[in-house]
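The values are calculated or read from the model by the stated rules, or taken from the named source; none is laboratory data. In this text the structure is predicted, and so the values were computed from the model without any measurement. Methodologically, a virtual Cβ is constructed for each residue, glycine included, from the backbone with ideal geometry; neighbour enumeration extends over all protein chains shown. Ligands, DNA and RNA are stripped out before the accessible areas are found, and what is left, the full protein with its side chains, is counted by its heavy atoms. Shrake-Rupley method; radii C 1.70, N 1.55, O 1.52, S 1.80 Å.
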Amino acid sequence: MPELSADYFDNWYSAALASAHDGEVSCFLGLPDGVRSNSSLPGRGLDEIARLLQLSGSHDVIDLGCGRGQLRLELVRRTGCDITGVDFSSVAITAAREQLADCSANARFVVGDMTQIGLATDCADVVVSIDALYFPRPLSAVTEECRRLLRPEGQLIASGWEPTGREPRMRTALESAGFADIAIEDRPEWAAIERYRWLRLLEIDNADDDLALAADQAEAGKVLSEWQERRRVLVTATAP
Ligand SMILES: C[S@@+](CC[C@H](N)C(=O)[O-])C[C@H]1O[C@@H](n2cnc3c(N)ncnc32)[C@H](O)[C@@H]1O
């Protein structure tokens, strides 16, 4: 996964917000009705992350790379946690804040780079990240920031992708930041649903030259051509 800039994501979100096809992806992923995602996490992945959050008994949660924040709001509804969403795309955060007007969920959203967030040290019980933690370089810049934000024994829970047949990159970064209990587990059932989503996207006729759909279809072609080269993973670790 290449490092991409805030400008890149601002353009990506602007296109998604204007797209007539916005929402179809969530349908393919089996997410709850009305929840619009900008990741590849399927509904059952969201269920698993919600369960882990509940088990942690936590209250203060930070969501790194929250995007438009809809998965965040869904997690708040299910768990009652106080979740702060952080993303460096101001377009995404503006869209996330607009949802709060008609949503009673306890959540707030902040514009910030996940390698250097303007939030206090030791402010979180859990850092959660859905398909976002793997973007910044080096990965250790993110894991160091996660350790700074988390209270001792705090939990990191993240979804992402690792290259097949190699030592997980996130393990090295987490170890060097001092994390313990590191688990990087394959989730082939998430991968199968993600693959279905990319294939379904390619079937849509882009007759109206929809920018977001064109970008998604280009991404689908790339991802499917490299399908064997990556594994879908759930990462969990405990802060020192
Ligand atoms: C694939 S999207 C996932 C968005 C969201 N988690 C979801 O599930 O809908 C990745 C997100 O990571 C954010 N991101 C990437 N690099 C970042 C960084 N260095 N700091 C903050 N956010 C970043 C992007 O703006 C984007 O919203």
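Before moving on, here are some points about what is shown:
- Looking only at the stretch 20-32, and only at residues there that are at pLDDT 80 or above and small (Gly, Ala, Ser), the one that is farthest from the ligand (Cβ to nearest atom): 20
- For the stretch 94-124, taking the residues that are at pLDDT below 95 and acidic (Asp, Glu), the one that is farthest from the ligand (Cβ to nearest atom) is identified as 102.
Results for (1) small (Gly, Ala, Ser); (2) assigned to a loop (DSSP other than H, G, I, E, B); (3) surrounded by fewer than 17 Cβ atoms within 10 Å (Cβ to Cβ), shown as yes or no for each residue.
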site: 15; (1), (2), (3): yes, no, no
site: 28; (1), (2), (3): no, no, no
site: 49; (1), (2), (3): no, no, no
site: 54; (1), (2), (3): no, no, yes
site: 67; (1), (2), (3): yes, yes, no
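- Near pairs, Cβ below 6 angstrom, 6+ apart or cross-chain, from the stretch 29-50 (under 14 Å from residue 68 (Cα atoms)) to any residue that is open to solvent by 40 Å² or more (accessible area, probe 1.4 Å) and of a type outside the set (S, T, N, Q): none
- Considering the conditions (1) part of a helix (DSSP H, G or I); (2) touching a Ser or Thr at 6+ places or on another chain (Cβ under 9 Å); (3) more than 9 Å from the ligand (Cβ to nearest atom), residue 35 is excluded by exactly one of them, (1).
- Top-ranked residue in the stretch 78-89 [being more than 10 Å from the ligand (Cβ to nearest atom) and part of a loop (DSSP other than H, G, I, E, B); ranked as least open to solvent (accessible area, probe 1.4 Å)]: 81
- Scanning the stretch 2-19 for residues being within 19 Å of residue 198 (Cβ to Cβ) and more than 9 Å from the ligand (Cβ to nearest atom) gives a total of 4.
- Qualifying residue in the stretch 90-102 (condition: outside any helix (DSSP H, G or I) and either crowded, with 22+ Cβ neighbours inside 10 Å or at positive phi (or both)): no
- Matching residues in the stretch 59-77 - criterion: being more than 15 Å from the ligand (Cβ to nearest atom) and modelled with pLDDT of 90 or more: 60
- Within the stretch 117-141, restricting attention to residues that are of a type outside the set (A, V, I, L, M) and open to solvent by less than 10 Å² (accessible area, probe 1.4 Å), the residue that is farthest from residue 62 (Cα to Cα) is 134.
- When 144, 189 are checked against the criterion of being assigned to a helix (DSSP H, G or I), free of Cβ contacts under 8 Å to residues at least 60 places away in the same chain and open to solvent by 10 Å² or more (accessible area, probe 1.4 Å), a single residue qualifies: 144.
- Residue within the stretch 150-166 that is assigned to a helix (DSSP H, G or I) and touching a Leu at 6+ places or on another chain (Cβ under 7 Å) present: no
- Within the stretch 50-92, the set of residues being within 16 Å of residue 125 (Cβ to Cβ) and under 11 Å from the mean Cα position of the chain (by Cα) comprises 63, 64, 72, 85, 86.
- For the stretch 115-123, the criterion of being assigned to a helix (DSSP H, G or I) and more than 19 Å from residue 240 (Cβ to Cβ) is satisfied by no residue at all.
- Among residues of the stretch 147-181, those that are polar (S, T, N, Q) and either open to solvent by less than 20 Å² (accessible area, probe 1.4 Å) or closer than 20 Å to residue 117 by Cα (or both), counted: 3
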